[in-house]
Amino acid sequence: MRVVIAGAGSVGRSIARELLHNGHQVLLMDKERKDIQSSRVPEANWLLADACEITALHEAGLAECDVVVAATGDDKVNLVVSLLAKTEFGVPRTVARVNNPKNEWMFDEAWGVDVAVSTPRLMTALVEEAVSIGDLVRIFQFQQGKATMVELTLPADSPYAGKRVGDVDFPGETVLVGIIREDHPIAPSRDDSLEPHDELLFISTPEFEDDLEAMLSPGQRNPRGEA
């Protein structure tokens, strides 16, 4: 897989190292000369250029890449890069970094963003996931289709504790995709049971999140959006 990363700061370089370690081809581009230091990630290709300029994106070879990652510290730049990648070059997949949570609403398909990654929101979700039992925690949102990945630690008094997965009718467009039990991941089958304190991972959609939480842990908290 060929990946172009706009933004060669600490975030962009970290992404590049992981992708290179997994055997992918990576080009890092940035308009700041101080950030273009190939010795930091010597296995990557490097380009000193403004990712918001069409000519620079042509030079980066976006028409031949599989994924563009907009990882700069400027939300405006990340939106422009995503839009140009999708509309001008037809890049199959765009991933954009959200620096300010207030700007999340703009990072959608209208701006060419397939996946938006909000570091502040992700850190908040991980904190909540670590300490909460019975509360549904949104881990990730996929922009295309508006699907979400959510987690809930099943409380001991849940009406579904001890039930077989195959006997549970989850609400709407909700799929149980994983169970973490005592630090061990389980790919759930119909015959697996839901046990107290299991961490349950679901793919769902925002409109069914409250129903899912109310079903598995009734009376735990107010629906999202309420005080």
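The values are calculated or read from the model by the stated rules, or taken from the named source; none is laboratory data. Just so you know, these numbers come straight off a predicted model, no measurement behind them. With ideal geometry, Cβ positions are generated from the backbone for all residues, glycine too; neighbour counts draw on all protein chains shown. Calculation scope for accessible area: heavy atoms of the full protein, side chains included, ligands and nucleic acids excluded. Shrake-Rupley method; radii C 1.70, N 1.55, O 1.52, S 1.80 Å.
On the chain, 52 percent of the accessible area sits on carbon and sulfur atoms, based on a 1.4 Å probe. Taking the alpha carbon gyration tensor of the range 158-215, multiplying each eigenvalue by 5 and rooting it gives semi-axes of 18, 12, 11 Å, largest first.
Axis of helix 206-216 versus longest Cα principal axis of the chain: the two differ by about 30°, to the nearest ten degrees. Largest GNM mean-square fluctuation among G73, G178, G166, using the chain with Cα springs under 10 Å: G166.
The mean accessible area for residues of the chain, using a 1.4 Å probe and ignoring ligands and nucleic acids, is 52 Å² per residue. Loop-located trypsin sites (Lys or Arg not before Pro) in the range 6-101 (DSSP state not H, G, I, E or B) with no more than 12 neighbouring Cβ atoms inside 10 Å do not occur. Distances between placed amide hydrogens fall under 5 Å for Q141 paired with M149, all partners being 5 or more residues away or on another chain.
Structure note, pairs K34/K102; K31/K76; K102/K146: Cα-Cα distances above 22 angstrom occur for K34/K102. A probe of 1.4 angstrom, applied to the heavy atoms of all protein chains, finds L200 with accessible area near 0 square angstrom. Report summary: the helix-based calculation at 222 nm, which adds -39500 (n - 2.57) for every DSSP H run with n ≥ 4 and divides by the residues of the chain, gives -8000 deg cm²/dmol. Across the range 171-179, computed HN-Hα scalar couplings (Karplus, 6.51 cos²θ - 1.76 cosθ + 1.60, θ = phi - 60°) run x, x, 8, 10, 10, 7, 10, x, 10 Hz from first to last residue, x flagging Gly and Pro.
The three principal axes of the Cα atoms in the range 1-54 give end-to-end lengths of 28, 23, 16 Å, sorted in falling order. Dividing the mean sequence gap of close Cα pairs (under 8 Å, 6+ apart) by how many residues the chain holds gives a relative contact order of 13 percent.
Most mobile of V177, V69, V91 per a Gaussian network model of the chain (Cα springs, under 10 Å)? Sorting by GNM fluctuation, first place goes to V177. Computing Rg and the Kirkwood Rh from the Cα coordinates of the chain gives a ratio, Rg/Rh, of 1.06.
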